[in-house]
Amino acid sequence: MVEGMPVIETLQLVTAPAGFAVPFSTYVPPGMRSEFDEAGSVRFVAAFGGTVNPHAYMLVHVHPSAADRPAAADILDELMRSSAAEEHEVVPAERPAWALETTAFRYIAADRTNFTGSVTVAQHGDTYFHVVRNYPVEYGDGLPPRLHTILRHWRWEDTGEMLMQ
């Protein structure tokens with residue numbers, strides 16, 4: 001379901017590049033782009049109708065295997081600093097079964113755009129990872145189903161396990 005209507009889509013297979021912290025694969029719906037970085041992160045960015053919005057995304061960051069468990073509150077604090085949020089609030093969130101902790105938020109950016117999202121901390125083997133969803137509220141009908149599709153198809157290639165079982 002995208003924007004309340006059933007849609008048949010052709011998904012794009014995305015796999016972690018060689019050397020990525022933990023190998024994975026997933027399927028990405030149309031209107032999304034994936035970007036990897038050297039720090040162990042992959043970012044899925046909204047590109048609806050070919051127009052990229054770098055502020056509407058889901059980031060998955062895999063922490064080094066020896067790292068301590070990250071706290072969602074610390075990740076949220078850093079996100080608010082880097083977003084230059086004018087004001088923000090934590091809102092109730094349901095924790096997915098695969099997660100250790102989830103914190104949802106809303107904030108107003110310097111340009112007065114209203115944003116929403118969440119920070120989720122989870123673990124794969126002895127490695128922690130976190131997922132940040134961040135987007136303008138007007139993306140609320142179209143982006144969350146696409147992000148859910150990415151997570152629903154997420155497969156850890158080192159174990160063959162699905163993120164959502």
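Less than 13 Å Cβ to Cβ from Glu101, Lys/Arg counted +1 and Asp/Glu -1: what total charge do the surrounding residues give? Numbers along the way, then the final one.
On the way: positive: Arg69, Arg95; negative: Asp74, Glu94.
Net of charged neighbours comes to 0.
Spin-label model, Asp37/Gln12: points 7 Å from Cα along the beta carbon direction are separated by 2.0 nm. Applying both filters, DSSP loop and at most 13 other Cβ atoms within 10 Å, to the GluC sites (Glu not before Pro) of region 62-103 gives Glu86, Glu94.
Out of the total accessible area of region 1-79 (probe 1.4 Å, heavy atoms of protein only), what percent is carbon and sulfur? Accessible surface attributable to carbon and sulfur in region 1-79 totals 54 percent.
Solvent-accessible surface (1.4 Å probe) assigned to Glu3 amounts to roughly 120 Å². Computed over the chain with a Gaussian network model linking Cα atoms closer than 10 Å, the most mobile of Val52, Val131, Val119 is Val52. Comparing Val14, Gly40, Ala93 along the charge dipole axis of region 1-143, the residue lying farthest to the positive side is Val14, per the Cβ-charge model. Amide H contacts of Glu161: Trp156, each under 5 Å away and 5 or more positions distant or on a separate chain (H built 1.01 Å from N in the peptide plane; Pro and chain starts excluded). Of Leu100, Leu79, the residue with the largest accessible area leads and the full order is Leu100, Leu79 (1.4 Å probe).
In this structure the amide hydrogen of Ala93, modeled in the peptide plane, comes within under 5 Å of the amide hydrogens of Ala104, none closer than 5 places in sequence on its chain. The calculated 222 nm mean residue ellipticity attributable to helices in the chain amounts to -4000 deg cm²/dmol, summing -39500 (n - 2.57) over DSSP H runs of n ≥ 4 and dividing by all residues.
The residues of the chain expose on average 53 square angstrom of accessible surface per residue, using a 1.4 Å probe on protein heavy atoms.
The values are calculated or read from the model by the stated rules, or taken from the named source; none is laboratory data. Quick caveat: nothing in here was measured; it's all calculated off a predicted structure. Note: ideal-geometry Cβ built from the backbone for every residue, glycine included; neighbour counts use all protein chains shown. To get the accessible areas, we keep the full protein, side chains included, count just its heavy atoms, and leave off ligands, DNA and RNA. Shrake-Rupley method; radii C 1.70, N 1.55, O 1.52, S 1.80 Å.
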